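In what follows, a single structure is set out as structure tokens and then discussed.
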Amino acid sequence: MPLVPTSAIVDAAREAGVGAAAFNVIHLETAEALVTASERTDIPLILQISENCIRYHGSLLPITRATLALAEHSTARIAVHLDHITDAELVHQGVAAGAGSVMVDASALPYEENVSTTAALTAWCHDRGVYVEAELGKVGGKDGVHAPGVRTDPGEALAFVRATGVDALAVAVGSSHAMHERTAELDKDLIAALRATLPVPLVLHGSSGVPDDELRRAIAAGMTKINISTHLVSVFTHSIRRTLDADPALVDSRKYVKPAREAVAQEAARLLGVLGTPETVPDLRAAGVTARG
């Protein structure tokens, strides 16, 4: 079916009080697994392609076009989003390729430069009907920064949203990127304060380290878009290890990648059920599904 706008998935989830799932693509096999999970559950999904993923593949177009093709030929409600993009040229290339939303990541810059850079790219994207997420300051763990105590100030966040015009904001509430254990405890009071203060949906990065019940509590407190990558990457890798350990002579990569792809599909489907259900996520098939934002 045609791509669903990221805005439609996020706004519908926010209205329903459920999570909008955003899972990262690493390569074609994970993209296939994630689309399968969305088809099996009938829950919308945002497929995310990060700048790190683009660098791994050598350029933006091959992995982005492959992901778009999977989404467009699926029966599921899928959006395609560019995640943690620091390079303006990649924003331009991704939008030209067909991505409907982008996370402009200027968070490593001083505050005023973050504002000016984000505002300029947001205006450029909005002129093309593209939805924009941004980040104020660092979420713990990104680029080697381990700062679980970092918290987003609601007043500063509101000023940032007003100055940049972004459509969604990633906030620091206790999660950390690239966690391999699901032990993080989030600041639900801060989430509630941010939800009450900001006119845009809240995005949780580093959700791989957050256990199921804590994700549910964060959504109940006001979090909407939930980004998960490392946890699903771990599922893929652990499956491959199990298969190769069971048959050290195995050389046909399809025979160990296929079960890994299925393992990711199963865990992604389970996580989709944690974040939302078909009954609580409104039907988006007739809600502007051909729009890109």
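In region 21-62, the qualifying residues are those that are of a type in the set (D, E, K, R) and assigned to a helix (DSSP H, G or I), and the one that is farthest from GLY94 (Cα to Cα) is ARG40. Against the definition (surrounded by 20 or more Cβ atoms within 10 Å (Cβ to Cβ) and modelled with pLDDT of 95 or more), how does ALA96 come out, yes or no? The answer is no for ALA96. The residues listed here are VAL25, VAL18, VAL35; of these, the one that is touching a residue at least 60 places away in the same chain (Cβ under 8 Å), open to solvent by less than 40 Å² (accessible area, probe 1.4 Å) and within 18 Å of the chain's Cα centre (by Cα) is VAL18. Of the helices (runs of 4 or more DSSP H) lying entirely inside region 121-238, those containing at least 1 residues that are modelled with pLDDT of 95 or more are 154-164, 188-197.
When residues in region 223-249 are screened for being under 18 Å from the mean Cα position of the chain (by Cα) and either among the β-branched types (Val, Ile, Thr) or open to solvent by 50 Å² or more (accessible area, probe 1.4 Å) (or both), 6 of them pass. Checking each residue in region 199-222 for being open to solvent by less than 20 Å² (accessible area, probe 1.4 Å) and among the hydrophobic types (A, V, I, L, M, F, W, C) picks out VAL200, LEU202, VAL203, LEU204, VAL210, LEU215, ALA218, ILE219.
Within region 28-71, the set of residues being in contact with a His (Cβ under 9 Å, 6 or more places away or on another chain) and over 15 Å from HIS81 (Cα atoms) comprises TYR56, HIS57. Restricting the first member to region 67-87 and to residues that are under 16 Å from ALA33 (Cβ atoms), and the second to residues that are at pLDDT below 95 and buried (at least 20 other Cβ atoms within 10 Å of the Cβ), the beta-carbon pairs closer than 6 Å and six or more apart or on different chains are ALA71/LEU3.
The values are calculated or read from the model by the stated rules, or taken from the named source; none is laboratory data. In this text, all values refer to a predicted model and were calculated from it rather than measured experimentally. Note that we place each Cβ from the backbone using ideal geometry, even for glycine, and neighbour counts take in every protein chain shown. All accessible areas refer to the heavy atoms of the entire protein, side chains included, with ligands and DNA or RNA removed. Shrake-Rupley method; radii C 1.70, N 1.55, O 1.52, S 1.80 Å.
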